[in-house]
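Since the structure comes first, as structure tokens, the remarks are kept for the end.
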Ligand code: HAM
């Protein structure tokens, strides 16, 4: 090997060794300080799934790429531009899933769920992958949760999907969410609408962006959804899908609007809303949130996909669903200062001194946890003072101290952090004693809360009484002023 080449190789090797690894572009770590938001979000989603009877399904991250080409649509941005596609060592063409809906339908067919009572209700959550340009709220690996109901065509389900999403936003205290709604028809009414749209767009073809010129041939409906300024101007005057629905789609859409009125969910009819995925029929909807700067961000979206099961090889099966971006919801929670999930904190702290005590503590820790008592410890620390300060930090109610003497005697010192008192208890009685004390403390706290609430109520009634008296006084003043004025004017 020539000397220069050898030197370069050496340099490269040196550089490689020095390389500090970072997350790949578009990927990010979700650090422990962010987890309370995610935990809260997961809890809220789980509760809604239970309330509305949705069963969880976990789907693989890697799927056959044709599932999305056929399901989501080869012409969609998600598939044509953003898919993470690769060949396995065995030569299979696979991809990282860009969304969940086609996978749910694949699982529905693969596992014979079509014979289950309808609708089959499934929920999922997890990472999705789209090779898009990363920016705030748009990642290459992002998380979605979704709900899908298969086998029911009544618009009541579409309304219920929207209701579920709205309940989730409300529970997360995410306000100013607007529901955008449209109906894009079915196989019966869409061809004639498409003809109208194509003829309208063909007359204005020169004003469209390059992508839309192509879409005009492959999927004209998608032109309506284009974000390019020049296209939105053309589209604003285009024929609207809702004006060209067949009677079935019209009835379906009207019933959906009636259901939404009934459950008092406001909506914005958006004739240009078609959504970026090919499988939708009839209902399409999207949830937008406006930030302080007036920027709109889509928190989630969904709609009906009555032909997708058939397209993926199954029988005719109407279906509806929606998915939300969890990263965006967490960002919204942060900006709106939502309460996060607060995990229960341990009320008992186990401190130890010396090797024998450490061994005993390990056993006591397990026994306490097994009976449902949460315990904190720092077995790595040998210093009692630092352990006690740790106990103070976590606001432990009880500290159990096992020193060398206690370890040999088979006892522990129980220190009540509220009263400051302490006593030595045999280890075989420790669990009973800790339970008794914790119960006593809990009762005391309950009593204090009750007393405080009663005092607050008393103060409130006293204040309202004062306010009423003050108002009455003012009224009297007004009345006397009025009567004096009257008298004076009469005298004049
Ligand atoms: P989608 O509109 O493509 O729909 O995605 C749903 C949500 O995922 C978006 O509204 C957004 O909040 C979030 N999202 C999408 N891309 C990104 C990204 N790059 N970074 C962060 N968040 C993102 C679907 O995926 C359909 N499967 C929804 C559905 C379910 N339709 C029927 N059933």
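Run through the DSSP bridge list for segment 348-439 and note the antiparallel percent, rounded to the nearest 5.
Of the beta bridges lying entirely in segment 348-439, close to 55 percent run antiparallel.
Fewest first, what order do 58, 248 take by the number of other Cβ atoms within 10 Å?
58, 248
Using r as the Cβ-Cβ distance of residue 116 and residue 334, and R0 as 41 Å, what FRET efficiency do you calculate, to the nearest 0.05?
Calculated transfer efficiency: 0.55.
Please give the length that would be gained between residue 25 and residue 66 if that part of the chain were fully extended, namely 0.36 nm times their separation in residues minus their C-alpha to C-alpha distance (nm, one decimal).
12.2 nm
First check a/c for segment 194-320, with a ≥ b ≥ c the square roots of the eigenvalues of its C-alpha gyration tensor; if it is under 1.5, answer rounded, and if not, answer prolate when a/b is larger than b/c or oblate otherwise. Spell out each step's value before the answer.
Values: a/c = 1.64, a/b = 1.18, b/c = 1.38.
Judged from the Cα gyration tensor, segment 194-320 comes out oblate (a/c at least 1.5, b/c at or above a/b).
Can you show me the helix-derived [θ] at 222 nm for the chain, built from DSSP H runs with n ≥ 4 at -39,500 (n - 2.57) apiece and divided by the number of residues, rounded to the nearest 500.
Only helices count here, giving -14500 deg cm²/dmol.
Which of the three applies to segment 153-263, rounded, prolate or oblate, going by the alpha-carbon gyration tensor with a ≥ b ≥ c and a/c under 1.5 meaning rounded?
Note, shape of segment 153-263 comes out oblate.
Where in segment 272-303 is the amide nitrogen less than 19 Å from a point lying 7 Å along the Cα-to-Cβ axis of residue 178?
272-276, 284-302
Please compute the contact order of segment 301-359 in relative form: average sequence separation of alpha-carbon pairs under 8 Å and at least six residues apart, divided by the residue count, as a percent.
Values: 33 pairs, mean separation 13.6, N = 59.
Over segment 301-359, the number comes to 23 percent.
Compute the FRET efficiency between residue 316 and residue 227 as 1/(1 + (r/R0)^6), taking r as their Cβ-Cβ distance and R0 = 45 Å, and round to the nearest 0.05. The partial results should precede the final answer.
Working: r = 34 Å, r/R0 = 0.76.
The pair residue 316/residue 227 has a calculated efficiency of 0.85.
Taking the simple approach of a point 7 Å from Cα along Cα-to-Cβ for both residue 431 and residue 366, what is their distance in nm?
The modelled label-to-label distance comes out at 1.3 nm.
Work out how much length residue 248 to residue 86 would gain on full extension: take 0.36 nm times their residue separation and subtract the Cα-Cα distance, in nm to one decimal.
Gain in length upon complete extension: 54.1 nm.
Going by a ≥ b ≥ c, the root eigenvalues of the Cα gyration tensor, does the chain fall in the rounded group (a/c under 1.5), the prolate group (a/b larger than b/c) or the oblate group?
oblate
Pairs of Cα atoms under 8 Å, at least six residues apart: use those to get the relative contact order of segment 348-439, whole percent.
30 percent.
Apply the Kirkwood formula to segment 218-276: the hydrodynamic radius equals the inverse of the mean of 1/r over all pairs of different alpha-carbon atoms; give it in Å with one decimal.
About 13.1 Å, per the Kirkwood formula over Cα pairs.
Using r as the Cβ-Cβ distance of residue 18 and residue 131, and R0 as 45 Å, what FRET efficiency do you calculate, to the nearest 0.05?
Here the calculated transfer efficiency is 0.95.
To check you understand DSSP bridge types, tell me what percent of the beta bridges within the chain (both residues inside) are antiparallel, rounded to 5.
The antiparallel fraction comes to roughly 80 percent.
Run the simple label-point estimate for residue 291 and residue 408 please: 7 Å along Cα→C-beta, distance reported in nm.
Those two pseudo-labels are separated by 6.5 nm.
Defining a contact as two alpha carbons under 8 Å apart and six or more residues distant in sequence, what relative contact order in percent does the chain show?
Relative CO of the chain lands at 13 percent.
Just rank 209, 324, fewest to most, by other beta-carbon atoms within 10 angstrom.
209, 324
Give me the extension gain from residue 257 to residue 11: residue separation times 0.36 nm, minus the current Cα-Cα distance, reported in nm with one decimal.
Once the chain is fully extended between residue 257 and residue 11, it gains 81.8 nm.
Ranked by Cβ crowding within 10 angstrom, fewest neighbours first, how are 270, 275 ordered?
Fewest-to-most ranking of 270, 275: 270, 275.
Could you give the nm distance between label points at residue 75 and residue 455, where each point is 7 Å from its Cα heading toward the beta carbon?
Distance between label points: 7.1 nm.
Throughout, read-outs are computed from the coordinates displayed, never taken from laboratory work. Please read all numbers here as calculations on a predicted model, not as lab measurements. Every residue, glycine as well, gets a Cβ built from its backbone with ideal geometry; the counts of neighbours run over all protein chains shown.
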